[in-house]
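Here is the structure we will look at, set down as structure tokens.
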């Protein structure tokens, strides 16, 4: 008779395993939900931070323009507040970034600091999605801030200068409008300065031969500078001269550069080039009451031009020689007068360019930069 073998297997009650799995799954789901909540709210906070930073950057740069050309901290504050409100950032939905004068400070006379915010203290805190689930004591609001500091600085070198070089102002002690022995010159103490000279008119290119600074010298110059290091010689002749009036010459011109003079009155090319320039923005005009340019079809009128000043103690003589540049001036060009003079009004302008090694608050050409 065969024996029957029976193997006994110990079985764990199924109910016990099921209970453990349910508990573990519940804990895992809670952890996963909390982790997902943190990711979603964290991503929204990061997005809001970036939006607030963009608003702060734009507001600081706009505010810095209010410090240029006889501006004020009050004007800078107004511009910063206005530009900040043109930007959007998350709140409950995307809403304008509203700041007040309390959010605008001035670390130095040439710097402006702007703070943007979504905070409970300022009444515009960011509304989170899941913060209350993670933290039962939370009101579902969280704080996000950003700030930017912009600086105004003096620019001593720029592209797009026009093909004229005019003498800076010297100490004309005897009032004969000529540089005489012993008369002083310094770019800061005697030279043209902002804001005092803003709006004043000077001749950028002489038309009357009797007014020439030397025989055959009517202020035209050739570009690029003699010492540009760019491997290009100064381009002379009427065609290049005319083109440089109505267009942007790409070569940098700045303090210490030597510019080759272009002898001759250049009557035809001057009138043609200036008219081409004026025709780019014919409605623009200088408003003496507001001391600014109005009627322009551009954010920055092409009739705002840069012209270098040369050292009046070293004026050009007859022939093709050179002048030494001491600084750059900014002007609104008005046109060619009946006697052939090209006139411009002093203004201040903000441009891209390297920072001067020595800062002079009275310069007409300024740069803007975010420094923080």
**Q.** Sequence-separation-based contact order of the range 155-271, relative, with Cα cut under 8 Å and 6+ spacing, percent
**A.** 34 percent
Q. Helix 14-65: angle to the longest alpha-carbon principal axis of the chain, degrees 0 to 90, nearest 10?
A. 10 degrees
Q. Using a Gaussian network model of the chain with C-alpha springs under 10 Å, which one of 94, 327, 355 is most mobile by mean-square fluctuation?
A. 94
Q | Nearest-0.05 FRET efficiency for residue 94 and residue 294, computed from C-beta distance (R0 41 Å) | A | 0.75
Q. Going by a ≥ b ≥ c, the root eigenvalues of the Cα gyration tensor, does the range 113-220 fall in the rounded group (a/c under 1.5), the prolate group (a/b larger than b/c) or the oblate group?
A. prolate
Q) How many nm separate the modelled label positions at residue 370 and residue 120, each set 7 Å beyond the Cα in the direction of the Cβ? A) 2.9 nm
Q: Can you bin the range 205-333 into rounded, prolate or oblate? Criterion: square roots of the alpha carbon gyration tensor eigenvalues sorted a ≥ b ≥ c, rounded for a/c under 1.5, prolate for a/b above b/c, oblate for the rest.
A: prolate
**Q.** On Cα atoms only, tilt of 73-84 relative to the major axis of the chain in degrees
**A.** 50 degrees
Q. Mean separation of Cα pairs under 8 Å and 6+ residues apart, divided by the residue count of the chain: what relative contact order is that in percent?
A. 18 percent
Q) Gap in Å between the Cα centre of the range 200-226 and the Cα centre of the range 256-291? A) 12 Å
Q: Could you state the angle between the C-alpha long axis of helix 267-279 and the longest principal axis of the C-alpha atoms of the chain, as a value from 0 to 90 degrees rounded to the nearest 10?
A: 30 degrees
Q. What whole-number value in cubic angstrom gives the convex hull volume per residue for the C-alpha atoms of the range 318-361?
A. 148 Å³
Q. Using only helices, what value at 222 nm comes out for the chain when you add -39,500 (n - 2.57) per DSSP H run of length 4 or more and divide by the total residues, to the nearest 500 deg cm²/dmol?
A. -8000 deg cm²/dmol
Q. Which of these, 169, 345, 95, has the largest mean-square fluctuation under a Gaussian network model of the chain (Cα springs below 10 Å)?
A. 95
Q | Among 244, 339, 176, residue whose mean-square fluctuation peaks in a GNM of the chain (springs only between Cα atoms under 10 Å) | A | 176
(Q) Explain nothing, just the number: relative contact order of the range 157-370, from Cα pairs under 8 Å at least 6 residues apart, as a whole percent. (A) 28 percent
**Q.** Equivalent ellipsoid dimensions for the chain as semi-axes, Å, which come from the Cα gyration tensor, largest first
**A.** 69, 24, 18
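Each reported figure results from applying straightforward, stated rules to the coordinates on display, with no laboratory input. Keep in mind that this is a model prediction, so the values were computed, not measured. FYI the Cβ positions are ideal-geometry reconstructions off the backbone, even for glycines, and counts take in every protein chain you see.
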